[in-house]
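Engineer: Okay, handing you the structure first.
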Amino acid sequence: MDFIFFLSSILLGIGLAMDAFAISIANGISKPDAELGYVIRVTAVFAFFQFAMPLLGWFLVHKVVKALGAFDNLVPWIALLVLGFLGVRMIREGLRNGKSESEVCIGGDTSTDTSMKVCSSDVDRNIGNTLELTAMTLLLQGIATSIDALSTGFAIVDYDVKAAFVCSTIIASTTWIMCFTGMRIGSRLGNLFSAHATIVGGVILVIIGIEVFTKGTLL
């Protein structure tokens, strides 16, 4: 394990944690007065799933692919296709969300009757601020934002057990830091960065996929 290993793990963690980061911003908006202990517990759930999923993916891919040695050469291609697909999908979702953030107002005129004016962004904001983050909601958020991390097993299939564990730990630590920061941002600045975070996460996943493919086929 060298500097490149740690840097790649951190970048991979950043890319995989972007969805959780975006959702953490929304969670911060829904509970702007959250205490420090609450924020730590909520973000720890995301970190746990981001730790477990890559390790589970490594175990499954390591056992299955290594048992079928003829498929070893396909691993870089699978990593490129899986991470590339997930990255492009995240970029598209981010762009789509950015285009759909237009404000729709009803029941009033901007120049005269503003007292009866109701805007969709105001409704969404009010609804978001009254939502309670239940244990089941948090569990579903953790699973939904870590499914992509399962495919990381393709990217780290050549690691031994120790390296895979360390990589997963770095991913989890990066996720916790980003989610903690996301909830703090959400409680103060709203959801201004959620769509952009998804786009950046998609770009990073694509870059990681290309890096894994290049390393596996050319080096």
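Engineer: Suppose each label sits 7 Å from its Cα in the direction of the beta carbon; what would the ARG92-GLU35 distance come out to in nanometres?
Structural biologist: 4.5 nm
Engineer: Which of the peptides 28-40, 167-179, 145-157 is most tightly packed, and how do the rest follow, judged by the mean count of other Cβ atoms within 10 Å per residue? All intermediate terms of the calculation are to be shown ahead of the outcome.
Structural biologist: On the way: 28-40: 15.2, 167-179: 23.2, 145-157: 24.9.
Packing order, densest peptide first, comes out as 145-157, 167-179, 28-40.
Engineer: Please give the contour-minus-distance gain from PHE5 to ASP158: 0.36 nm per residue of separation, less the Cα-Cα distance, rounded to one decimal in nm. Please list the in-between numbers first.
Structural biologist: Details: separation 153, 0.36 × 153 = 55.08 nm, distance 1.22 nm.
Full-extension gain reported as 53.9 nm.
Engineer: Tell me, what is the 1.4 Å probe accessible area of MET53, in Å² to the nearest 10?
Structural biologist: 30 Å²
The values are calculated or read from the model by the stated rules, or taken from the named source; none is laboratory data. Please read these numbers as outputs of a predicted model, since none were measured by experiment. Don't worry about glycine lacking a Cβ; one is built from the backbone with ideal geometry, like all the others, and counts go over all protein chains shown. Note: accessible area is taken over every heavy atom of the protein model, side chains too, but ligands, DNA and RNA are not part of it. Shrake-Rupley method; radii C 1.70, N 1.55, O 1.52, S 1.80 Å.
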